[in-house]
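This report concerns only the one structure given below.
The values are calculated or read from the model by the stated rules, or taken from the named source; none is laboratory data. Remember, predicted model here, so these are calculated numbers, not experimental data. Please note: Cβ atoms are built from the backbone with ideal geometry, for glycine as well, and neighbour counts cover all protein chains shown.
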Amino acid sequence: MRTGSVSRETKETKIRIDLNLDGTGICQISTGVPFFDHMLDSFGRHGRFDLSVQADGDLAVGPHHTVEDIAIVLGAAFRDAVGEGRGIRRFAHAIIPMDEARVMVTTDISGRPYCVFSGSFSGSVEGVLEPYLIEHFFTSFASSARITLHLEGTGRSDHHLCEAFFKACGVTLYEATRITDPNGSIPSTKGVL
């Protein structure tokens, strides 16, 4: 079974994440930041991952530590669930619209962490997530998951643009982790991801 379960506790946050790549999109998210819960639920549902996120963070000083640490733990759980990557498609892309917003995400489950983010927001999304935190989430996730992730998008509604990023990321990771080689070979000329 392709699953990852990771816990992390610091002076700022306590986080537990369980991820099943071969789930059905059942999500149980509790971060203390309702809008961020909604984004992670969109990620899990559209990625068809079973995802449980339980986080207790120092929200009195803001959502930064909680968002960052969830990205780190989610990336580690994703990496554990992928394992050696035997038989996976490895590459995927998606173009996802949400009303006036449109997002393109491409990914390579390469073992090489890198993130390129291009999208601008008019201010804090729903008054909760500063624009830099959205980019920081995806950068931290890509680094911890050890994947290459490119995200670009446009839109007038910050909510729609942000949600489209999370949906598209889930869709591409679903596609990239599908088993397409019945022989279970590692999809790399190096023989390792």
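For segment 35-69, which positions are more than 19 Å from Ala94 (Cα to Cα), without any contact (Cβ under 8 Å) to a residue 24 or more places away in the chain and part of a helix (DSSP H, G or I)?
Answer for segment 35-69, where residues must be more than 19 Å from Ala94 (Cα to Cα), without any contact (Cβ under 8 Å) to a residue 24 or more places away in the chain and part of a helix (DSSP H, G or I): Asp37, Ala60, Val61.
Close contacts from segment 87-103, counting a first residue that is within 15 Å of Gly170 (Cβ to Cβ) and without any contact (Cβ under 8 Å) to a residue 24 or more places away in the chain and a second that is among the acidic types (Asp, Glu) and assigned to a loop (DSSP other than H, G, I, E, B), with Cβ to Cβ under 8 Å and a gap of 6+ residues or different chains, come to none at all. For segment 20-28, the criterion of a residue being under 14 Å from the mean Cα position of the chain (by Cα), surrounded by fewer than 22 Cβ atoms within 10 Å (Cβ to Cβ) and among the hydrophobic types (A, V, I, L, M, F, W, C) is satisfied by at least one position. Let me spell it out: the conditions are (1) part of a strand (DSSP E or B); (2) surrounded by fewer than 19 Cβ atoms within 10 Å (Cβ to Cβ), and Val6 meets all of them except one. Which number is the exception? Just one mismatch for Val6, condition (2). Could we say that Val82 is more than 20 Å from Val171 (Cβ to Cβ) and β-branched (Val, Ile, Thr) here? In short, no.
Are any of the residues in segment 70-81 aromatic (Phe, Trp, Tyr) and under 12 Å from the mean Cα position of the chain (by Cα)? Yes: segment 70-81 contains one or more residues that are aromatic (Phe, Trp, Tyr) and under 12 Å from the mean Cα position of the chain (by Cα). Listed by first and then second residue, the pairs with beta-carbon distance under 9 Å, at least 6 apart or on different chains, first residue in segment 122-134 and closer than 19 Å to Val103 by Cβ, second among the basic types (Lys, Arg) and at pLDDT below 95, form an empty list.
May I ask you to verify whether Ser144 is over 22 Å from Asn20 (Cα atoms), buried (at least 16 other Cβ atoms within 10 Å of the Cβ) and of a type in the set (Ser, Thr, Tyr)? No: the conditions fail for Ser144.
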